[in-house]
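Peer 1: Take this structure first; my questions come after.
Rule-based calculations on the coordinates, nothing more; no lab input. Source: prediction; values computed, not measured. Virtual Cβ from ideal backbone geometry, glycine too; neighbours counted across all protein chains shown.
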Number of protein chains: 2
Amino acid sequence: MKVIEIAASVLKGNDRIADENRIVFRDNHVFVVNVMGSPGAGKTSLLLKTIEALGQGFNIGVIEGDIATSHDAELIQAAGVPVVQINTQGACHLDAMMIKTALTHFDLAKIDLLFIENVGNLVCPAGFRLGESARIVVSSVPEGDDKPKKYPGMFRVVDAVLLNKIDLLDVFGFNTNTFKEDVLPAGFSSFSSKPEIFEVSCKTEKGLSVWLDWLKKHGGVVCR
Amino acid sequence: MKVIEIAASVLKGNDRIADENRIVFRDNHVFVVNVMGSPGAGKTSLLLKTIEALGQGFNIGVIEGDIATSHDAELIQAAGVPVVQINTQGACHLDAMMIKTALTHFDLAKIDLLFIENVGNLVCPAGFRLGESARIVVSSVPEGDDKPKKYPGMFRVVDAVLLNKIDLLDVFGFNTNTFKEDVLPAGFSSFSSKPEIFEVSCKTEKGLSVWLDWLKKHGGVVCR
C-alpha cells in the first residue's frame, strides 16, 4: 500500500480581527465558547440543554453558523435567548469577520455567556480563531471511536471534548478508552495541558452536570 | 432574530486536471465513484460491503483520503483490493491533483471500479471535481433527517444518496420522508434529474442489493 503525503496549510488570515473580537469580549466580560463538531453530533442539543440549565444564572447569547436554513436558530430563539443566524452560503467555517459583524446585533453589556455554534465540520473550523475564550468539540458515539485519531487538527485545538450520545455506547460497540487515549495534549488549550473530556447524553442528560460545572467555573472568572 | 447572509464562493481551480483524470479513466474503461459524507457516516463500511459483494465480478481499486492515519486503507487492503492512501495533512478535501498523483500507483488497465473515499466532510469535497464518473454521499441516520436541508451544496452535486444505519431509524426518531423530500433535483447529476436515494444498513445489509444493482448498471456501461 502506497501512502502519499501532501503538504497543505490551513488558511489563517483572520487573526487580527479575532484579536479585535477578543478585546471586545474581554471589555464586556463575556465568556465566549466556540462550539465545533461534525454534522449531527449534537451541538444544538447541547446548547439547548445548557440554556435550560444555566439560563437563570447567566445571560446567554448564541450565534448560529449554518451554510443554509435558520432551523437551529429558531430552536434557540424558542428557548428565549438572543440569537443571530449567520448563513455562510457555502463556506465551510465561520471566520472572525463574520463574528465581528454578528456582534453588532447584540448588547454585549447584557451577555455573560456567548456560544458560537460553528458550521458542522470536523476539519475547517479548527483553523479559524474567532476571538473566543474557549473552544470545544462535540463528538458523538455513532461517528465512531476513531475520530480523535483521524481528525487530530480539531481535537488538538480544543479546551474540552464533549462525547455525546453515550446512551448508545453498546449499540455502536464504541470503545471509550480508545477514544480518550487518542485525545492528546492540546497545543492550544487555554486551560490545561490536555482537553477535558465530558461523556454526556443530551437525550438522557447523563453527565451534563460536569460540563455545566466546567462552564460555570471558567465562565465565572470572566463574567461580572 | 437577525439573519446575516455572507457571500462566499467555493474555490474551483482544479477542473482542468479533473478533465485530464476523466480522460484517463475513460480510456481505461474505469468507472470511478467519489464517495463523500460526514465523519463516521459509514463510507468505509459501504466500500467493504461493496467489495465483498462485487469483488468476484469486478476488479476493484480504492483511493482512501484521510487527514491522518491509514486505518481505513488497512481495512480495505485486508479485503484484498489494491488501495492507495492519501494523507492530506490537514486539507479538508481531495482535489484532482491528489488523484492524478495517486493514479500512478495503479495499473488502471486491470481496474473496473475505482472508489475514491473522500475526507469526512459534508461541505468542502462537494466543490472539487476529481474526474469521477459518479458522486455519492453517505448520510447516516444518527446525523439527523435535516442534513439535506442544512448542507444543500453536497446533496445537489451527487448522483446518489446512501442513507446508512437505517437499522436505527426508531432509536433516533428519524423521519425518512422529511429527509427524502429535501433531496432536491441535482444540478449536476450525471444520470438523472434527482439523485437516487438508497436506504441501507451496512450492519444488517438491508437495502444494499439496490445500491449494488445501481452500481452494476452504471459501471457496466463503462467497464469492458
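Peer 1: How large is Rg/Rh for chain B, to two decimals, with Cα atoms and a Kirkwood Rh? Don't jump to the answer; show the numbers that get you there.
Peer 2: Working: Rg = 16.8 Å, Rh = 17.7 Å.
Reported Rg/Rh, Kirkwood definition of Rh: 0.95.
Peer 1: Mind checking which helices in chain B clear 24 Å along their axis (Cα) and have mean Kyte-Doolittle hydropathy of 1.6 or more, DSSP H runs only? Before the final figure, lay out each step's value.
Peer 2: On the way: long enough: none.
Once both thresholds are applied, nothing remains.
Peer 1: In addition: Using every alpha carbon pair in the range B:58-142, what percent of pairs falls into each 10 Å bin from 0 up to the bin containing the largest distance?
Peer 2: Percent of pairs per bin, in order: 16, 52, 30, 2.
Peer 1: Also, I was wondering about something else. Per residue Cα convex hull volume for the range B:137-224, in cubic angstrom?
Peer 2: Working: hull volume 7.6 nm³, N = 88.
Expressed per residue, the convex hull around the Cα atoms of the range B:137-224 is 87 Å³.
Peer 1: What residues of the range A:155-177 lie in the reach of a label at B:Ala78, counting those whose backbone N is under 19 Å from a point 7 Å from the Cα along Cα→Cβ?
Peer 2: Counting backbone N atoms under 19 Å from the label point, the list is A:172-177.
Peer 1: Can you spot the aspartates and glutamates whose alpha carbon is less than 15 Å from B:Lys217's alpha carbon? Ignore those fewer than 8 places along the same chain.
Peer 2: Answer for B:Lys217, where 15 Å is the Cα cut-off: B:Asp112, B:Asp159, B:Glu196, listed by chain and number.
Peer 1: Still on this model: Let me confirm one metric for peptide B:140-146, namely the mean number of other chain beta-carbon atoms within 10 Å of its residues' beta-carbons. Walk me through the numbers before you get to the answer.
Peer 2: Working: counts 4, 2, 11, 9, 7, 1, 6.
So the per-residue partner count for this stretch is 6.
Peer 1: Amide H neighbours of B:Leu114 under 5 Å, counting only residues 5+ apart in sequence or on other chains, H built in-plane at 1.01 Å?
Peer 2: Correct list: B:Phe31, B:Val32, B:Val33, B:Gly61.
Peer 1: Sticking with this structure for a sec: Suppose we consider the axis relating copy A to copy B; can you name the residue of A with the nearest Cβ and state that distance in angstrom as an integer?
Peer 2: A:Pro142, 2
Peer 1: Oh, and also: Assume the label is 7 Å from Cα along Cα to beta carbon: what separations in nm does A:Val171 have to the matching positions in the other copies?
Peer 2: 0.4
Peer 1: Starting with the highest mean, order A:41-53, A:128-140 by the number of other Cβ atoms within 10 Å, averaged over the residues of each peptide. Numbers along the way, then the final one.
Peer 2: Numbers: A:41-53: 22.2, A:128-140: 25.1.
The peptides rank, most packed first, as A:128-140, A:41-53.
Peer 1: Report, for A:Lys206, each distance to the same residue's label point in the other copies, shortest first and in nm; define the point 7 Å along Cα→Cβ.
Peer 2: 2.4
Peer 1: Stretch B:Lys217-B:Arg26 to full length: gain in nm at 0.36 nm per residue minus the Cα-Cα span?
Peer 2: Working: separation 191, 0.36 × 191 = 68.76 nm, distance 1.65 nm.
Full extension of this stretch gives 67.1 nm more.
Peer 1: In addition: What do you get for Rg/Rh of the range A:91-203 when both radii come from the Cα atoms and Rh is the Kirkwood radius? Intermediate values should be presented prior to the final figure.
Peer 2: Values: Rg = 15.2 Å, Rh = 15.2 Å.
So for the range A:91-203, dividing Rg by the Kirkwood Rh gives 1.00.
Peer 1: Here's a follow-up. Step through the table entries A:Lys49/B:Lys180; A:Lys149/B:Lys194; A:Lys49/A:Lys149; A:Lys203/B:Lys150, compare each Cα-Cα distance with 24 Å, and write down the pairs that go over it. Intermediate results must be reported in sequence, preceding the final value.
Peer 2: Numbers: A:Lys49/B:Lys180 29 Å; A:Lys149/B:Lys194 36 Å; A:Lys49/A:Lys149 28 Å; A:Lys203/B:Lys150 22 Å.
Distance filter (> 24 Å) returns A:Lys49/B:Lys180; A:Lys149/B:Lys194; A:Lys49/A:Lys149.
Peer 1: Compute the length gained on full extension between A:Thr204 and A:Ala68: take 0.36 nm times their separation in residues and subtract their Cα-Cα distance, giving the result in nm to one decimal. Don't skip to the end; give the middle numbers.
Peer 2: Numbers: separation 136, 0.36 × 136 = 48.96 nm, distance 2.90 nm.
Extra length available between A:Thr204 and A:Ala68 comes to 46.1 nm.
Peer 1: Here's a follow-up. In the range B:71-119, what is the volume of the convex hull around the alpha carbon atoms, normalised per residue and reported in Å³? Intermediate results must be reported in sequence, preceding the final value.
Peer 2: On the way: hull volume 4.1 nm³, N = 49.
Value for the range B:71-119: 84 Å³ per residue.
Peer 1: Could you tell me the largest-minus-smallest coordinate of the C-alpha atoms of the protein assembly as shown on each of the three principal axes, in descending order and whole angstroms?
Peer 2: Principal extents (largest minus smallest coordinate, Cα): 72, 42, 41 Å.
Peer 1: Distances from B:Gly80 to the same residue in each other copy, label points 7 Å out along Cα→Cβ, in nm, shortest first?
Peer 2: So the distances to the same position in the other copies read 6.3 nm.
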